[in-house]
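For reference, the structure discussed in these notes is given below.
The values are calculated or read from the model by the stated rules, or taken from the named source; none is laboratory data. Quick caveat, the model's predicted, so the values are computed rather than measured. All Cβ positions, even for glycine, are placed from backbone atoms using ideal geometry, and neighbour counts span all protein chains on display.
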Amino acid sequence: MEVAQVNLHHASAASAVIVKRFISDNLSILLIQEPWVFRGEVRGLNTSNSKVIWDLSSERPRSCVVVRADIDFFCISEFLTQDLVAVQVKDKEVSDFVMASAYFPGETATAPPPSILSLVEYCRANNLPLTLGCDANAHHTEWGSTDCNVRDDPERSSADNADAPFFRGTAGNGVVMTAILIFFFLKMLQNVY
């Protein structure tokens with residue numbers, strides 16, 4: 001099963017590129033953060049051979065999952081929010097597993113958010129392997145940053161707001177962030193399993 005994870009930064013062009021890859025590479029699942037949203041709907045990811053899952057009650061979903069039509073799955077509604085979408089895949093060759101897309105908002109007090117910890121516990125309790133694709137927001141004090149990256153803050157000046165609503169770090173920050181997350185989740189899994 002081929003899976004891709006990407007933050008689209010709300011861009012229609014990026015959506016078109018990932019859909020082209022989804023089709024040409026015959027990908028099974030896309031774990032997407034910050035999809036292109038217009039009038040409360042995730043746009044640009046539909047194909048005739050896929051299903052796009054996001055929280056329909058959210059005006060600005062920050063996470064979604066795209067699943068190829070021939071894959072047997074169901075959305076775990078307990079983990080369907082603006083920032084988290086989890087699906088359980090029913091695999092004929094191996095046991096079921098969970099795929100989730102998550103966005104860790106910078107304005108929350110803790111990272112990872114409590115919903116992620118609940119998802120990990122759910123998977124542990126049901127003996128389900130979990131694959132989590134996420135934008136973990138490297139600008140958070142939980143990861144060792146000196147501040148949190150607050151989105152859409154009206155108090156920020158227009159000069160400070162030039163890159164809003166996104167934090168754009170260097171490639172090095174992303175590598176460090178990935179290493180921290182891998183370490184964090186390995187430690188969490190050691191304590192859980």
Of everything in the range 36-64, what is assigned to a loop (DSSP other than H, G, I, E, B), without any contact (Cβ under 8 Å) to a residue 40 or more places away in the chain, of a type outside the set (Phe, Trp, Tyr) and under 18 Å from Leu132 (Cα atoms)? Give them in sequence order.
Asp55, Pro61
I need a count of the residues in the range 117-129 that are more than 15 Å from Val87 (Cβ to Cβ), part of a helix (DSSP H, G or I) and not hydroxyl-bearing (Ser, Thr, Tyr).
5
Residues of the range 59-91 being within 18 Å of Ala11 (Cα to Cα) and of a type outside the set (A, V, I, L, M, F, W, C), in sequence order, are Glu59, Arg60, Pro61, Arg62, Ser63, Gln82, Asp83
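Residue-wise test of (1) at pLDDT 95 or above; (2) acidic (Asp, Glu); (3) more than 25 Å from Pro113 (Cβ to Cβ); (4) touching a helix residue (DSSP H, G or I) at 6+ places or on another chain (Cβ under 8 Å).
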position	(1), (2), (3), (4)
Val19	yes, no, yes, no
Leu31	yes, no, no, no
Pro35	yes, no, no, yes
Glu41	no, yes, no, no
Leu45	yes, no, no, yes
Ser50	yes, no, yes, yes
Asp55	yes, yes, no, no
Val66	yes, no, no, yes
Per the filter on the range 1-35, residues in a loop (DSSP other than H, G, I, E, B), crowded, with 20+ Cβ neighbours inside 10 Å and without any contact (Cβ under 8 Å) to a residue 60 or more places away in the chain are Leu8, Pro35
